[in-house]
1. Return the distance in nm (one decimal) between the two label points of a simple spin-label model at R20 and A110, each offset 7 Å from Cα along Cα→Cβ.
2. How much accessible area does S9 have with a 1.4 Å probe, in Å² rounded to the nearest 10?
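The values are calculated or read from the model by the stated rules, or taken from the named source; none is laboratory data. Since the structure is predicted, the reported quantities are computational estimates derived from the model, not experimental observations. Cβ sites come from the backbone with ideal geometry, for glycine too, and all protein chains shown count toward neighbours. The protein model used for the area step is the full one, side chains on, heavy atoms only, and it has no ligands, DNA or RNA in it. Shrake-Rupley method; radii C 1.70, N 1.55, O 1.52, S 1.80 Å.
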Amino acid sequence: MCSIDVAGSFGRDLSAQGKRKLIAFAVEWLTKLFRIEAASAVKKSTATRLERPRRSCSARVGGYTGGQPSRKVCQSRSVAMFLAGEATHETQWGTVDGAWESGERAAEAALRRIGALRDTQPAVPPARVPKQRRRTVGAPIN
C-alpha cells in the first residue's frame, strides 16, 4: 500500500483536474521512485480530494522528529475546539487505536463543555505524603 500526498498550489491545481489525473500522477511518481513500470503493479487505486466539498473541513497532519511533546497541545481543554485523530494521540499516533482513543477523549471533552456529561465518580483524595524523618548530623544519607 502506498499513500501519496500532494499539497500546496500544485496539489490544488492537480486536484482540480480530477481523480484520473491525480492517480496518473501517483503512478508516474511511483514509476520514477522505484525505477519500474508501476502501472502494472497497481491493482486498486483511489484519490481523496480533501478540499472538496468546500463545506468539509478535513485535513491530514504529520509530526516531525522530536515533536511528540507538542501533541499535548491538541489535548488542551482551554479552548472550545476539540481535535481528534491519530496524529493528536501522544503515544499511539499512526494507529487506529490512537484515532479511536483521541475521538473518545474529544467527544467526552465536548460533552463536558456543554454540560451534557458530568463527573459520576468522586474526586480521588490526594495521596498522603509520609512525613520526612529528621536526619541526625553525621548520619549516612541513603
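1. Rounded to a tenth, the inter-label distance reads 3.8 nm.
2. 70 Å²
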